[in-house]
Amino acid sequence: MLINVQDIRKGNIYKMDGDLWTVMAFQHVTPGKGGAFVKVKARNMKTGNQKELNYRSGEKIEIVEVYEKGATYLYDEGDDCVFMDDESFEQYHVPIELCEDVKNFVVLNGKVRLSVHDTTVLSANPETFIVMEVKEADAGVKGDTVTKTTKSIQIETGYSIQVPLFIKVGDNVKIDTRTGEYLERVNS
């Protein structure tokens with residue numbers, strides 16, 4: 001579907017030179033001299049390379065249709081993460097570069113969302129909010145409570161986040177996977 005470049009949004013996936021690109025950021029620029037343009041920061045879905053591109057106002061780009069499906073994170077194989085479609089039980093091999101958030105926030109046999117175009121998996125994403133058990137926690141240093149005090153912990157996947165001092169090993173914590181931030185302690 002062709003759209004005017006001025007209607008582009010973060011997260012849109014479009015086709016350029018035969019490759020699929022995802023919009024990471026965009027900015028409408030109106031210089032004092034010359035015509036307006038849109039500056040787009042995009043990532044190549046196949047290679048992971050990033051580019052800053054300028055498009056003239058009124059230029060059209062081809063947005064591709066992407067749908068999401070539920071899947072289970074099975075295992076790692078070489079440079080790929082392997083997922084199984086929850087409905088068809090078909091297995092997908094996804095390059096590890098597209099699975100960074102999954103590796104940080106999903107344990108083996110955990111649920112993920114796959115973004116798919118035609119039959120190609122474009123990305124694997126964890127649920128927006130997850131609950132994980134604390135496996136390691138630094139000792140909290142009490143004292144200066146004028147500012148928000150935090151300490152570093154490790155969750156089940158080995159990923160480290162900052163949490164309040166009262167969190168200890170064995171606690172379950174709720175995490176926003178978009179930002180990697182602690183939200184709250186959860187009773188098990």
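Values in this text are rule-based calculations from the coordinates and carry no lab data. All values reported here derive from a predicted model rather than from experimental measurement. Please note: Cβ atoms are built from the backbone with ideal geometry, for glycine as well, and neighbour counts cover all protein chains shown.
With Cα atoms defining each centre, segment 31-47 and segment 1-27 are spaced 10 Å apart in the structure.
Taking other residues whose beta carbon is less than 10 angstrom from the beta carbon of THR177, and scoring Lys, Arg as +1 and Asp, Glu as -1, yields -3. Inter-label distance, THR47 to ASN4: 3.2 nm, where each label sits 7 Å from its Cα along the C-beta direction.
Listed by chain and number, the aspartates and glutamates placed with their C-alpha closer than 15 angstrom to that of LYS151 are GLU136, ASP138, ASP171, GLU181, GLU184; residues fewer than eight positions away on the same chain are left out. With the cut-off at 1.5 for a/c, could you classify segment 67-126 from its C-alpha gyration tensor as rounded, prolate or oblate? Rounded, since a/c falls under 1.5.
Per the Kirkwood formula on distinct C-alpha pairs, the Rh of segment 2-63 is how many angstrom?
Result for segment 2-63 stands at 11.8 Å.
Since only PHE26, MET45, MET84 are under comparison, the one whose Cα sits farthest along the positive direction of the charge dipole of the chain, derived from C-beta charges on Lys, Arg, Asp and Glu, is PHE26. Simple point charges give the picture: +1 on the Cβ of Lys and Arg, -1 on the Cβ of Asp and Glu, and for the chain a dipole about the Cα centre of about 1060 debye. Using every pair of separate Cα atoms, the Kirkwood estimate puts the hydrodynamic radius of segment 1-151 at 18.2 angstrom.
Shown here for segment 93-179: chymotrypsin sites (Phe, Trp or Tyr not before Pro) in loop regions (DSSP other than H, G, I, E, B) with at most 11 other Cβ atoms within 10 Å, namely PHE166. Here each label is just a point 7 Å from Cα along the line to Cβ, and for ARG56 and TYR159 those points are 4.3 nm apart. Cross-link pairs exceeding 30 Å in C-alpha to C-alpha distance, out of LYS15/LYS103; LYS111/LYS148; LYS10/LYS103; LYS15/LYS174; LYS41/LYS69; LYS10/LYS135, comprise LYS111/LYS148; LYS15/LYS174; LYS10/LYS135.
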